[in-house]
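Below is one structure; the comments refer to it alone.
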Amino acid sequence: MFGCLVAGRLVQAAPQQVAEDKFVFDLPDYENINHVVVFMLGTLPFPEGMGGSVYFCYPDQSGMAVWQLLGFVTNEKPSAIFKISGLKSGKGSQHPFGAMNLPQTPTVAQIGISVELLESLAQQTPVANAAVSSVDSFTEFTQKMLDNFYNFASSFAVTQAQMTPNPSEAFIPASVVLKWYENFQRRLTQNPLFWKT
């Protein structure tokens with residue numbers, strides 16, 4: 001029903017079922033993992049009104065399991081990317097895996113999926129910084145650069161009455177800069193890689 005993917009590794013499509021409604025994937029060498037993708041295989045949907053909360057479990061310095069809620073997957077949201085690299089020093093949260101004796105070794109973490117009611121999923125609060133931005137870093141950088149350029153150029157705007165003649169300087173109307181800014185934003189939204197063509 002579920003799969004787990006770490007970049008540079010084979011897809012895991014057979015979780016260990018530790019209870020009727022609980023599944024885990026082992027993540028060997030978890031210290032070198034930045035992001036994890038959890039997804040439904042598409043072979044079996046959740047029962048009506050159900051979804052899966054996704055947890056990250058790692059051993060603390062004393063070897064005790066620390067569980068942190070990352071987010072969830074549902075029939076309507078069948079996959080999610082989670083950033084786990086910054087979570088390894090955080091506090092644990094309440095979790096449904098408490099009574100289980102899952103083996104812990106210092107170099108192996110786990111992703112746990114607990115099938116629960118959608119109402120209870122909506123009331124859970126994932127650990128901060130686990131969700132990966134849906135905007136990639138290039139798009140985010142480009143948007144910030146556009147905003148910065150437009151704000152910078154606009155700060156030099158003067159009216160025609162304020163202009164002093166200077167034959168060695170060219171002036172660009174602010175409306176032209178605004179039009180370029182809006183066109184570039186629109187094209188970036190439609191296709192972040194349009195500039196490669």
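The values are calculated or read from the model by the stated rules, or taken from the named source; none is laboratory data. Since we're looking at a predicted model, the values are computed, not measured. We place every Cβ from the backbone using ideal geometry, glycine too, and count neighbours over all the protein chains shown. Calculation scope for accessible area: heavy atoms of the full protein, side chains included, ligands and nucleic acids excluded. Shrake-Rupley method; radii C 1.70, N 1.55, O 1.52, S 1.80 Å.
The residue that is farthest from the chain's Cα centre (by Cα), among those in the range 106-125 that are within 21 Å of MET1 (Cα to Cα) and of a type in the set (Val, Ile, Thr), is VAL115. If you go through the range 32-77 and pick out every residue that is of a type outside the set (S, T, N, Q), under 27 Å from GLY8 (Cβ atoms), outside any strand (DSSP E or B) and under 20 Å from the mean Cα position of the chain (by Cα), you end up with 3.
If you go through the range 13-43 and pick out every residue that is at positive phi and either open to solvent by less than 60 Å² (accessible area, probe 1.4 Å) or of a type in the set (Asp, Glu) (or both), you end up with 1.
Of GLY63, GLY98, which residue is open to solvent by less than 50 Å² (accessible area, probe 1.4 Å) and at pLDDT below 80?
GLY63
Listed by first and then second residue, the pairs with beta-carbon distance under 7 Å, at least 6 apart or on different chains, first residue in the range 173-187 and without any contact (Cβ under 8 Å) to a residue 24 or more places away in the chain, second assigned to a helix (DSSP H, G or I) and of a type outside the set (A, V, I, L, M), are ALA174/SER154; ARG187/PHE194. Scanning the range 1-24 for residues that are in a strand (DSSP E or B) and either over 19 Å from the mean Cα position of the chain (by Cα) or without any contact (Cβ under 8 Å) to a residue 12 or more places away in the chain (or both) turns up GLN12, GLN16, GLN17, VAL18, ALA19, LYS22, PHE23, VAL24. For the range 103-149, taking the residues that are crowded, with 16+ Cβ neighbours inside 10 Å and modelled with pLDDT under 80, the one that is farthest from LEU188 (Cα to Cα) is identified as GLN104.
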